[in-house]
Amino acid sequence: MADLLFGTGGTPRSAKTASTIDGIRRIAELRLGCMEIEFVQGVKMGGAGARLVAEIATKEGVKLSAHAPYFINLNAHEPEKITASQGRLFQTARIAAICGAESVVFHTAFYLGDLAEETYNQVKKYLGEVLSQLRRENNQVQLRSEVMGKQSEFGTLEELLALCTELEGLGICMDFAHWHARTEKFNSYPEFDSILRQIKQRLGRAALDNMHIHISGIAYGKKGETKHLNLKESDFQYIELLKALRDYDVKGLVICESPNLEEDALLLQTTYNTLLQTD
Ligand SMILES: [Zn+2]
């Protein structure tokens, strides 16, 4: 099996139905390697459904990850919203574990006008509680805080690298499109190289051996991300990124979140395989 697997954020558009099972089957037909189950509007899957998902994914040889609901804010000002956010993480991690998913990606928090440092401390406290509880349950899924594309969202590369060094069991979801949109930089080989070098320095080689990556085309303005685009309709230098991933021998999952999903996932996979041959 390849070291870097490519797949879609959610069921491919060309699947027979929008179900997770049909999504996994379509991923296998397309000869892609992975799929992220989108629980973004809530976890509606039960235990029996999740066991079936695990069975089909194993049979089809498709690796899975899961995306937690959008309604999470570990810097919410109301205690009940913090509890609800933590609850959504527990629920996603428990179902994802039954699905056989290796990672759960989540949007961590909004600043809500607070200082970045205050937000960081709140997130660290409440996320620490979630990670300890999941450890007590012996849940093997890795939670991954996503690098976010809007200025209003907690989740710069620096914040998440710091958080990962402080919280045992936390990983990063490196969304290269978000980071480009947020900074209006990081869209060239030397800049991608610098990101990977930084991850290696801060989190160790093991982090590059087990990366979780989001890629899409992206539109952005002064406040960062505005919407996702297909790669070829965007300015995103995906070939340069794939070269950097190749040169660092990065392993793990690459989830494509372009509107055309599998088309760009296949474009990324094909381009990457061509680059491997021209090593
Ligand atoms: Zn996301």
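Here's the yes/no breakdown for (1) out of contact with any helix residue (DSSP H, G or I) (no Cβ under 6 Å at 6 or more places or on another chain); (2) of a type in the set (D, E, K, R):
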{"residue": "Ala177", "(1), (2)": "yes, no"}
{"residue": "Arg182", "(1), (2)": "yes, yes"}
{"residue": "Phe186", "(1), (2)": "no, no"}
{"residue": "Pro190", "(1), (2)": "yes, no"}
{"residue": "Ser194", "(1), (2)": "yes, no"}
{"residue": "Arg202", "(1), (2)": "no, yes"}
{"residue": "Ala207", "(1), (2)": "no, no"}
{"residue": "Ile215", "(1), (2)": "no, no"}
{"residue": "Gly224", "(1), (2)": "no, no"}
Inset, instruction - Residue by residue through region 136-178, note down the ones that are out of contact with any Lys or Arg (no Cβ under 9 Å at 6 or more places or on another chain), under 21 Å from Pro69 (Cα atoms) and away from the ligand (no atom under 16 Å from the Cβ). - result: Gln140
Inset, instruction - Given the conditions (1) touching a Ser or Thr at 6+ places or on another chain (Cβ under 6 Å); (2) within 15 Å of the ligand (Cβ to nearest atom), report the number of the one that Glu262 does not fulfil. - result: (2)
Inset, instruction - Report the residue count in region 153-188 for those that are touching a Leu at 6+ places or on another chain (Cβ under 8 Å) and part of a loop (DSSP other than H, G, I, E, B). - result: 3
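So, Thr92, is that one among the hydroxyl-bearing types (Ser, Thr, Tyr), surrounded by 15 or more Cβ atoms within 10 Å (Cβ to Cβ) and touching a residue at least 60 places away in the same chain (Cβ under 8 Å) or not? Before the answer, list the steps.
Values: among the hydroxyl-bearing types (Ser, Thr, Tyr): yes; surrounded by 15 or more Cβ atoms within 10 Å (Cβ to Cβ): yes; touching a residue at least 60 places away in the same chain (Cβ under 8 Å): no.
Spelling it out, it is not the case that Thr92 is among the hydroxyl-bearing types (Ser, Thr, Tyr), surrounded by 15 or more Cβ atoms within 10 Å (Cβ to Cβ) and touching a residue at least 60 places away in the same chain (Cβ under 8 Å).
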Legend entry - Pairs, first under 18 Å from Ser132 (Cα atoms) and of a type in the set (Val, Ile, Thr) in region 161-178, second within 16 Å of the ligand (Cβ to nearest atom) and in a loop (DSSP other than H, G, I, E, B), C-beta under 8 Å, six or more apart: Ile172/Val147
Legend entry - Failed item in (1) over 22 Å from Arg246 (Cα atoms); (2) without any contact (Cβ under 8 Å) to a residue 24 or more places away in the chain; (3) of a type in the set (S, T, N, Q), with Gln151 passing the rest: (2)
Legend entry - Failed item, numbered, when Leu242 is tested on (1) surrounded by 21 or more Cβ atoms within 10 Å (Cβ to Cβ); (2) outside any loop (DSSP other than H, G, I, E, B); (3) within 16 Å of the ligand (Cβ to nearest atom): (3)
Inset, instruction - Output yes when any residue across region 38-46 is touching a strand residue (DSSP E or B) at 6+ places or on another chain (Cβ under 9 Å), without any contact (Cβ under 8 Å) to a residue 40 or more places away in the chain, closer than 23 Å to Asn230 by Cα and within 16 Å of the ligand (Cβ to nearest atom), and no when none is. - result: yes
Inset, instruction - For residues that are without any contact (Cβ under 8 Å) to a residue 24 or more places away in the chain and either over 25 Å from Gly128 (Cα atoms) or assigned to a loop (DSSP other than H, G, I, E, B) (or both), scanning just region 198-221, find the one that is farthest from the ligand (Cβ to nearest atom). - result: Gly204
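For region 7-30, what are the residues that are surrounded by fewer than 22 Cβ atoms within 10 Å (Cβ to Cβ) and either part of a helix (DSSP H, G or I) or in contact (Cβ under 8 Å) with a residue 60 or more places away in the chain (or both)?
Result: Gly10, Arg13, Ser14, Ile21, Asp22, Arg25, Ala28, Glu29, Leu30.
Since every read-out is calculated from the coordinates, none of them should be taken as a lab result. The model shown is predicted, which means the values in this text are computed figures rather than measured ones. With ideal geometry, Cβ positions are generated from the backbone for all residues, glycine too; neighbour counts draw on all protein chains shown.
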